[in-house]
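**Q** Here it is, the structure in full.
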Amino acid sequence: MKDLLEGLIGARVVGYRAPTYSVTRQSLWAHEILVEEGFGYSSSIFPIVHDRYGIADYSRFPVELSIHGKKLWEFPLTTYRKFGRNLPVAGGGYLRLFPVEILAKALAHVNQAEGQPTIVYLHPWEIDPEIPRFSQGTLRDFRGYNGLDRMFGKLEYLVKALPFTTVREVLGLS
């Protein structure tokens, strides 16, 4: 699949994000496969406490791993450290559910006060408030659909408020 995508875009695919941040403490072996497949970075770990994913004590900032003599960066999803906890500020549902001004300030703090890069993500469906909906249960429905009508405006706010570039550039990958 990676080869097909590279052929279609005419460039090397250097990054990977596991669905639902499924690289957890029990699946760190996935880094070995990513190195074998030629990826330069993964953004598959969320250093938070969550009911479905996360490694709460993982580094909050990019870490260069050495696996069988090859390098792979893990660029964890951005968190803001407050009250002795890592609070999620990287986007997706957190961007839909929380005020964008607060997330923008947290991202700016990580960049400026902590001197670290941040990563922001969203799913294409999150900027479409008209997506078909199906019941997943009360909590999952809330997490999955709340804020879709405000997401595009929040994304516009972030793009105007903060500087953005690519992970490839931040990590110096070719």
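Read-outs: derived from the displayed coordinates by stated rules, not from any lab. Just so you know, these numbers come straight off a predicted model, no measurement behind them. Note that we place each Cβ from the backbone using ideal geometry, even for glycine, and neighbour counts take in every protein chain shown.
**Q** Amide H of Ile119 versus every other amide H placed in the peptide plane: which residues, excluding those fewer than 5 positions away on the same chain, fall under 5 Å?
**A** Placed amide hydrogens put Thr78 under 5 Å from Ile119.
**Q** Give the separation of the Cα centroids, region 77-93 to region 3-57, in Å.
**A** What the calculation gives is 19 Å, centre to centre.
**Q** With each pseudo-label sitting 7 Å past Cα toward Cβ, what's the Lys70-Asp3 distance in nm, one decimal?
**A** Simple spin-label model gives 1.5 nm for this pair.
**Q** Give a quick list of GluC sites (Glu not before Pro) in region 94-174 that DSSP marks as loop, anything other than H, G, I, E or B, with at most 11 other Cβ atoms within 10 Å.
**A** Listed in order of number, the matching sites are Glu130.
**Q** Restrict the search to region 48-129; then list the trypsin sites (Lys or Arg not before Pro) that DSSP places in a loop and that have at most 16 other Cβ atoms within 10 Å of their Cβ.
**A** Loop-located and lightly packed - Arg52.
**Q** State, as an integer percentage, the relative contact order of region 79-164 based on alpha-carbon contacts under 8 Å between residues 6 or more apart.
**A** Relative contact order here is 33 percent.
**Q** So, one more: By a straight-distance test (C-alpha under 19 Å), which lysines pair with Lys105 as possible cross-link partners, with residues fewer than eight away in the same chain excluded?
**A** Lys82, Lys154, Lys160
**Q** Given R₀ = 41 Å, what would the calculated FRET efficiency be for His50 paired with Glu169, taking r from the Cβ atoms and rounding to 0.05?
**A** Rounded to the nearest 0.05, the efficiency is 0.90.
**Q** Regarding the chain, what is the average projected area of its C-alpha convex hull, in nm²?
**A** For the Cα atoms of the chain, the hull's average projected area reads 11.5 nm².
**Q** Taking region 125-171, which trypsin sites (Lys or Arg not before Pro) meet the DSSP loop condition and have no more than 15 other C-beta atoms within 10 Å?
**A** Arg133
**Q** Evaluate the relative contact order of the chain (contact order divided by residue number), counting alpha-carbon pairs under 8 angstrom at least 6 apart; express in whole percent.
**A** For the chain, the relative contact order is 16 percent.
**Q** Roughly speaking, what is the stretch gain from Leu87 to Trp125, that is 0.36 nm per residue apart minus the C-alpha to C-alpha distance, in nm to one decimal?
**A** 11.3 nm is the gain from fully extending Leu87 to Trp125.
**Q** Separation between the Gln136 and Ser22 pseudo-spin-labels, each 7 Å from Cα along Cα→Cβ, expressed in nm?
**A** Result: 1.4 nm between the two label points.
**Q** Another question, then. What is the helix-to-structure angle for 100-112, meaning the angle in degrees between its Cα long axis and the longest Cα principal axis of the chain, kept from 0 to 90 and rounded to the nearest 10?
**A** 30
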